[in-house]
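Worksheet: one structure, shown below.
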Amino acid sequence: MKKDIDFPLVEGVQVAMVRQKNEWQEYEWYAYLLNTKEIDLYNVIIACSGYGEIAGESRKTSTMRYLFEKIPALGNQLIEPIAPELLSFCSEYWVSYYINEAIFDKRFIFAPEMLQEQNFVYIKQLDLEGILQ
């Protein structure tokens, strides 16, 4: 059972929501996993979902699951593009991965109010601006 598993503290693994201009000079949004550790991550599982309100009615997106066999040390991995209509939703990324025999697990949540220009930072690893957790 999950309560019987010791989950060590997650450090050096982050999720970023970034924007990038396309060929029509319009912003497109993407979610990335960043490994800032000097060791590879293995069997990375990411469950993504969104939730919020539209016209006063609660809505929830489908849960998407991704498996990446290896994220190299100091590497990054595109998780998914983010549809513009979902930017008004909270986006949740539940990340689990292995380093050696230890399993790590963390939930990253991006609220819509975070996606404002004053909150953007330059993310050197991606050479893009966005929100980093």
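The values are calculated or read from the model by the stated rules, or taken from the named source; none is laboratory data. Keep in mind that what you see is a predicted model, and the values were worked out from it rather than measured. Neighbour counts run over all protein chains shown; Cβ positions are idealised from the backbone, glycine included. These area figures cover heavy atoms from the full protein model, side chains too; ligands, DNA and RNA do not enter into them. Shrake-Rupley method; radii C 1.70, N 1.55, O 1.52, S 1.80 Å.
In table form, for the structure just shown:
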{"item": "Positions within the range 80-133 being of a type in the set (F, W, Y), buried (at least 16 other Cβ atoms within 10 Å of the Cβ) and under 21 Å from K70 (Cα atoms), in sequence order", "result": "Y93, W94, Y97, F104, F108"}
{"item": "Of all residues in the range 5-44 being of a type in the set (V, I, T) and either modelled with pLDDT under 95 or closer than 28 Å to Q116 by Cα (or both), the one that is farthest from the chain's Cα centre (by Cα)", "result": "I5"}
{"item": "Check on R65, of a type in the set (D, E, K, R) and open to solvent by less than 40 Å² (accessible area, probe 1.4 Å)", "result": "no"}
{"item": "Filtered residues of the range 1-19 (kept if in a strand (DSSP E or B) and either closer than 13 Å to Y93 by Cβ or open to solvent by 40 Å² or more (accessible area, probe 1.4 Å) (or both))", "result": "V13, Q14, V15, A16, M17"}
{"item": "Candidate set from the range 25-43 (those that are surrounded by 18 or more Cβ atoms within 10 Å (Cβ to Cβ) and touching a Leu at 6+ places or on another chain (Cβ under 7 Å)); member that is nearest to C90 (Cα to Cα)", "result": "W29"}
{"item": "Breaking point among (1) exposed (fewer than 10 other Cβ atoms within 10 Å of the Cβ); (2) out of contact with any Asp or Glu (no Cβ under 9 Å at 6 or more places or on another chain), for N22", "result": "(2)"}
{"item": "Tabulated pairs, the range 14-36, first at positive phi and among the polar types (S, T, N, Q), second in a strand (DSSP E or B) and at pLDDT 95 or above, C-beta under 9 angstrom, 6+ apart or interchain", "result": "none"}
{"item": "Criterion violated by P72 - all others in (1) farther than 16 Å from V10 by Cβ; (2) open to solvent by less than 30 Å² (accessible area, probe 1.4 Å); (3) modelled with pLDDT of 95 or more satisfied", "result": "(2)"}
